[in-house]
1. Failed condition for Y120, given (1) farther than 23 Å from R58 by Cα; (2) in contact with a Phe, Trp or Tyr (Cβ under 6 Å, 6 or more places away or on another chain); (3) not charged (D, E, K, R), with all others met?
2. Consider I83 carefully, then state whether it is under 25 Å from G544 (Cβ atoms) and assigned to a helix (DSSP H, G or I).
3. Can you go through K70, K16 and tell me which one is farther than 28 Å from H138 by Cβ and open to solvent by 40 Å² or more (accessible area, probe 1.4 Å)?
4. From the residues in the range 408-447 that are outside any helix (DSSP H, G or I) and out of contact with any Lys or Arg (no Cβ under 8 Å at 6 or more places or on another chain), which one is nearest to L228 (Cα to Cα)?
5. If G39 meets every condition in (1) more than 28 Å from I335 (Cα to Cα); (2) loosely packed, with under 14 Cβ neighbours inside 10 Å; (3) in contact (Cβ under 8 Å) with a residue 60 or more places away in the chain apart from one, which number is that one?
6. Filter the range 326-346 down to residues that are touching a residue at least 24 places away in the same chain (Cβ under 8 Å) and either buried (at least 18 other Cβ atoms within 10 Å of the Cβ) or among the basic types (K, R) (or both), then give me how many there are.
7. Quick test of your reading of the structure: G544 fulfils all but one of (1) under 19 Å from the mean Cα position of the chain (by Cα); (2) under 17 Å from V262 (Cβ atoms). Name the failing condition by number.
8. Kindly establish whether F133 is open to solvent by less than 90 Å² (accessible area, probe 1.4 Å) and in contact with a strand residue (DSSP E or B) (Cβ under 9 Å, 6 or more places away or on another chain).
Amino acid sequence: MRKIQHYNWDLSKIYKTETEFEEEIQYVRELNEKLKALGEDIKGNFKSYLETMTDARRRIYKLRTYSHRKHDEDTRQTHGQKISMTVENLANDYDTITSNFRPSLLSLSKEELEKLIEDYDLENYRKYLDKIFRYKEHTLTAGEEKILGSLSFLQGAPADAYNLLMNSDIEFPFIESAGVKLSHANYVNLIKNKDEEVRKETFIKYYETLKGVDNTISSLQFNNVKGLAAEAKLRNFNSAREMELFKDDVEEIVYDNMIEAVRENLPHLHRYYEIKKKYLGLEKQHMYDIYLPLATEEDKKITYDEGKEIILKGLTPLGDEYLEIIKEAFDNNWIDVYPQPGKRPGAYSSGSYDTEPYILMNYTDNLDSVFTLAHELGHSVHSYYSRKNNDFLYSGYTIFVAEVASTTNELILLDYLMKNATSDGEKIYLIDFYIDNFKGTVFRQTMFAEFEKLTHESVENGQVLTLDDFNKIFYKLNQDYFGEAVISDEDIQLEWAKIPHFYSNFYVYKYATGFSTAVKLAKNILEGDQEALEKYINFLKDGGNNFPLDQLKAAGADISKKETINEAMEVFKGLVDELEELTK
């Protein structure tokens, strides 16, 4: 048993003993068996089926939180692997048993559904049921859905093959100038190396390796796009994009506004690269130079306890209640802080309705770790508010808004650090850090979103896309987005092939909208408007009650309007202006 210390999370708050955990698993097995029996007549057992299904899902989330956290503490231990697999098997059984609920619900007329809600006194379930029922006109007959479901593995096949190809089959070469073997994991650090020879060799060899499988990747991507287009047509959508955005009740104009606003503000990004080129003394700025940092203030050591104090001071504008929740996270063992042998790398926030919103960190005593901690605390506070203020059914927020709270935390912390910077070097580093996040999350992801839009539209218009077509579309976008201060090296035309998110279908635009929204909300809060802060906290409390665009509009950022995105772009322009002044 792991000894709980101040720097470890405390999972005993979920289950005090392994016996409690095992008893919960057995109870969910019994609920699954009950669902099997009730499922023979869902309409006749509607209330009992709904309540049992909800109870089982809630308990599975709790079991997952415990088992996955135990596994991540030390991935070498077979016990953690075993209990995680046990819970996943249990969850798969639940999914299989309840798979007929959605088709059964959608087979009803609106009048029949209303009668069931009234007869069984299910008003609390209304929003939950309505969000499913909105798919009715996009749902096929029971027989057709069964056929489509049995072939769903074909839709996922391109993504599965791509992941195996990129993560298992590709063999990267040795980087002689750095003395290490190239990999997906170390590419980013190598491309940031101060030695131009290392950066150039890394860039060339990475894309040379991709060229060995580029025709395969283009075939996988084309079939992924073609398969999604076919499903959209079958489901009575005008396009694959419309189908994917429908899930969040987002109109396509939001997507298009994002692209249009970003394109209108590309001159500010181009100016940034001109400033960077001059400041770094680069005669020519290649694609392998764009990730070079302007300053190295991140080398300053910041202990975890110092980091906590920085966060508490920096996030003061979010109010006393918000800070009390963060203090609870620090004081009550929500966070697993330091790297340990076998511990999962990276960072995340994860929990369930009946647990703490735990945070996994691998804190390494630098400013980057402080920002990562602030980011994950944003997720955890959002989850805390959502769960404390809603029933289980409405306690989960969507992916569309998931990064808003975490990014808002980072931006408010960044504002504090910039205002308290003690040297020009520190200011340059912090501004460049902000700009780097902005261009990576807004400009870059919008470029990807535009690529996705163009390729899907081409296929839906009957075109066949080959490797050359994908490359030409991407290369033109790269030239547009990076401007004349950066040489669009020929190899960069293949960058699209290294982006796994293209198999998550119209997902990348959410990064751009989320960051733009956070910029606007952080600005509102930092201006000291108490009403703006109250709106923001209410947004965090809404959970899954309303659709994301409605939530963000109520919070003070109507992302459906281009003006909101342009407000965020004004912040970006101001940062570039300030950087230009500091680097003269």
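The values are calculated or read from the model by the stated rules, or taken from the named source; none is laboratory data. Please read these numbers as outputs of a predicted model, since none were measured by experiment. Heads up, the Cβs are rebuilt from the backbone with ideal geometry, glycines too, and the neighbour counts pull from every protein chain shown. Protein only, heavy atoms only, side chains kept; ligands, DNA and RNA dropped before computing areas. Shrake-Rupley method; radii C 1.70, N 1.55, O 1.52, S 1.80 Å.
1. (1)
2. In short, no.
3. On inspection, the qualifying residue turns out to be K16.
4. Selected residue: N420.
5. Among (1) more than 28 Å from I335 (Cα to Cα); (2) loosely packed, with under 14 Cβ neighbours inside 10 Å; (3) in contact (Cβ under 8 Å) with a residue 60 or more places away in the chain, G39 violates only (2).
6. Residues in the range 326-346 being touching a residue at least 24 places away in the same chain (Cβ under 8 Å) and either buried (at least 18 other Cβ atoms within 10 Å of the Cβ) or among the basic types (K, R) (or both): 9 in total.
7. (2)
8. So F133 fails the test.
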